[in-house]
Amino acid sequence: ILNDIKTYLQDKELSFNIEEKSILETIMDFKNTLVKAYVEMDPSKILEYTRRLCTGLNQFYEKHPVIREDDPVKRNTRLALIIISLLVLKDLLYILGFPVIKRI
C-alpha cells in the first residue's frame with residue numbers, strides 16, 4: 001500500500017498542517033532517540049519518544065479526517081503518515097519487549 005501511495009504522491013505538491021509536521025519531526029527523530037538512549041543507557045528516552053509519537057497521532061486524529069478526506073492528495077499523504085507511524089510504533093513495541101497485538 002505504501003508503495004502505491006508513494007507512486008501516487010510522487011509528482012504532487014504537498015503541504016502539511018501543524019499536527020502533520022509534528023508527527024513527521026517525531027518520526028525523523030526516531031534514530032537519534034534510539035542512539036541517545038543507548039549511549040546514555042537511559043530507556044526512559046525511548047518511552048518518552050513513544051509517548052510523544054502517540055500523543056501527536058492522537059491530536060492529529062482528533063482534528064483531521066484521514067479516510068474521509070475529500071482531497072485525494074491529502075488523504076494519501078495522511079495514510080502514508082499513519083502507516084509509517086504504525087511501523088515505527090511496531091518497532092518500538094519490539095524494542096521495549098511488548099507483544100504486538102494483531103487484533104482487539
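The values are calculated or read from the model by the stated rules, or taken from the named source; none is laboratory data. In this text, all values refer to a predicted model and were calculated from it rather than measured experimentally. Here Cβ is always computed from backbone atoms with ideal geometry, including for glycine, and neighbour counts include all displayed protein chains. Protein only, heavy atoms only, side chains kept; ligands, DNA and RNA dropped before computing areas. Shrake-Rupley method; radii C 1.70, N 1.55, O 1.52, S 1.80 Å.
Where residues in the range 92-104 are modelled with pLDDT under 95 and of a type outside the set (Val, Ile, Thr), which of them is surrounded by the fewest Cβ atoms within 10 Å (Cβ to Cβ)? The extreme case among them is Arg103. Taken over the range 92-104, the criterion of being free of Cβ contacts under 8 Å to residues at least 24 places away in the same chain and part of a helix (DSSP H, G or I) is satisfied by Leu93, Tyr94.
Would you pick out the residues in the range 48-91 that are of a type in the set (Lys, Arg) and either free of Cβ contacts under 8 Å to residues at least 40 places away in the same chain or surrounded by 13 or more Cβ atoms within 10 Å (Cβ to Cβ) (or both)? I'd like the intermediate steps shown before the answer.
Step one: list which residues in the range 48-91 are of a type in the set (Lys, Arg), which gives 51-52, 63, 68, 74-75, 78, 90.
Selection gives Arg51, Arg52, Arg68, Lys74, Arg75, Arg78, Lys90.
Restricting attention to the range 33-47, which residues are open to solvent by less than 90 Å² (accessible area, probe 1.4 Å) and hydroxyl-bearing (Ser, Thr, Tyr)? Within the range 33-47, Thr33, Ser44 qualify. Could you list, in sequence order, the residues of the range 9-29 that are in a helix (DSSP H, G or I) and surrounded by fewer than 16 Cβ atoms within 10 Å (Cβ to Cβ)? Across the range 9-29, the qualifying residues are Ile18, Lys21, Leu24, Glu25, Met28. For Asn76, indicate whether it is over 18 Å from Thr26 (Cα atoms) and not basic (Lys, Arg). When the stated conditions are applied, Asn76 passes them.
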